[in-house]
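The values are calculated or read from the model by the stated rules, or taken from the named source; none is laboratory data. These numbers were taken from a predicted model, which means no experiment stands behind them. Ideal geometry is used to build each Cβ from the backbone, glycine not excepted, and the neighbour counts take in all protein chains shown. The accessibility values were calculated without ligands, DNA or RNA, using every heavy atom of the protein model including side chains. Shrake-Rupley method; radii C 1.70, N 1.55, O 1.52, S 1.80 Å.
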Amino acid sequence: MSTATHTHRPVIGITVGDLNSIGTEIIIKTFTDTRMLELCTPVIFSSNKAVNFYRKLLNENNFNYQSIKDFSRLNPKQVSVFNCWEEEVQIMPGSLNETGGKYAARSLAVAIECLKDKQVEGLVTAPIHKKNIQSPDFSFTGHTPYLQHAFGSKDVLMFMTAENMRIGLLTEHVPVADIAKYVTKENILSKIMIMRDSLVRDFGIDNPRIAVLGLNPHAGDEGLIGDEEIKHITPAIRQAKHQGILCIGPYSADAFFAREMYRRFDGVLAMYHDQGLIPFKSLALGEGINYTAGLPIVRTSPDHGTAFDIAGKNTADESSFRQAIYTCIDIIGQRKRYAENTKNPLKKSELASEGI
């Protein structure tokens, strides 16, 4: 987390994810450390009964919270649970069932309404399962496209960040057989633009260097092994350069990571999920997290899934979730600094002359 002193404690909304996953466990473990309350005001979108179930299961007597149904009673010195449902819900840690997905969707939907109403300033999401959350109200392949739809963003970027690397994905949860059809000049250029803008606005990098990976082995070998690099990727890079973005590639993905070339760049655009996630989870230093760039709000999440195999066993590691909280807070602060620094200089001058 940034070493800058946080004079303002942002209100961070937290969704519990699948009720039968490790979501509530890692949330409780994170906020058992009361020092977290010096950095933010957390609001957990769940129910008292669900939180108490896991508090008793984990024997976390040091985890305290207040229950709220609106934000008039929000206490900045205490964890709050915003009750999204009152009914009894059978929680079965480790089970993949309809209940876990239904209430994951409820938690997320209520949190988004509070974000839109500006009652919370950022969002940190615990993991969902992409199969059991499906319903008429949630027909998406994950948080990222759902949030894009909810906030009406033209495009967004799944942006994995850690101490030593940031990797964005052109395609997210897409079958491998369908990846190539998404590799178009327009799609690549859009992701490059989002990455550049995020590196500037959200991470405070004035003139970021961006690397773009190829799709095919050896980046196509000049068209011998596929022509996506020639037809789509290189033209997109060329267009990005024409628009003033310091963008280089396409790189052969294996050599790029084996030679640690990622260290020379502020961001890397991978063409598909595993091309970016395998090196990220293998080489990232510290605790990596997932950030959704391109949204009007700040949303982060841990870089792991539901982990049903260890749910309810009190063995889940909350480190990535805690880092997601830190990153959410840092980006909120960075956005405020960016907005202040890019205000109309004439207007700022006028206000200064008026003693404001």
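General observations
- Boolean, Ser107 is in contact (Cβ under 8 Å) with a residue 40 or more places away in the chain, among the polar types (S, T, N, Q) and in contact with a Cys (Cβ under 7 Å, 6 or more places away or on another chain): yes
- If you go through region 95-113 and keep only what is open to solvent by less than 10 Å² (accessible area, probe 1.4 Å) and under 22 Å from Ile68 (Cα atoms), you end up with Ala104, Ser107, Leu108, Ala111, Ile112.
- Selected residue (criterion: most open to solvent (accessible area, probe 1.4 Å)) from residues of region 302-319 that are over 26 Å from Val212 (Cβ atoms) and under 16 Å from the mean Cα position of the chain (by Cα): His304
- Test result for Ser46, touching a His at 6+ places or on another chain (Cβ under 8 Å), buried (at least 20 other Cβ atoms within 10 Å of the Cβ) and of a type outside the set (A, V, I, L, M, F, W, C): no
- Cβ-Cβ contacts under 7 Å between residues 6 or more apart (or on different chains), taken from a first residue in region 260-278 that is among the acidic types (Asp, Glu) to a second residue that is open to solvent by 20 Å² or more (accessible area, probe 1.4 Å), are listed as Asp266/Arg166; Asp266/Ile205; Asp266/Arg209.
- For region 213-235, the candidate set comprises residues that are buried (at least 20 other Cβ atoms within 10 Å of the Cβ) and among the hydrophobic types (A, V, I, L, M, F, W, C); within that set, the residue that is nearest to Pro279 (Cα to Cα) is Leu213.
- Residue in region 194-212 that is closer than 18 Å to Lys281 by Cβ, within 24 Å of the chain's Cα centre (by Cα), touching a residue at least 12 places away in the same chain (Cβ under 8 Å) and crowded, with 17+ Cβ neighbours inside 10 Å present: no
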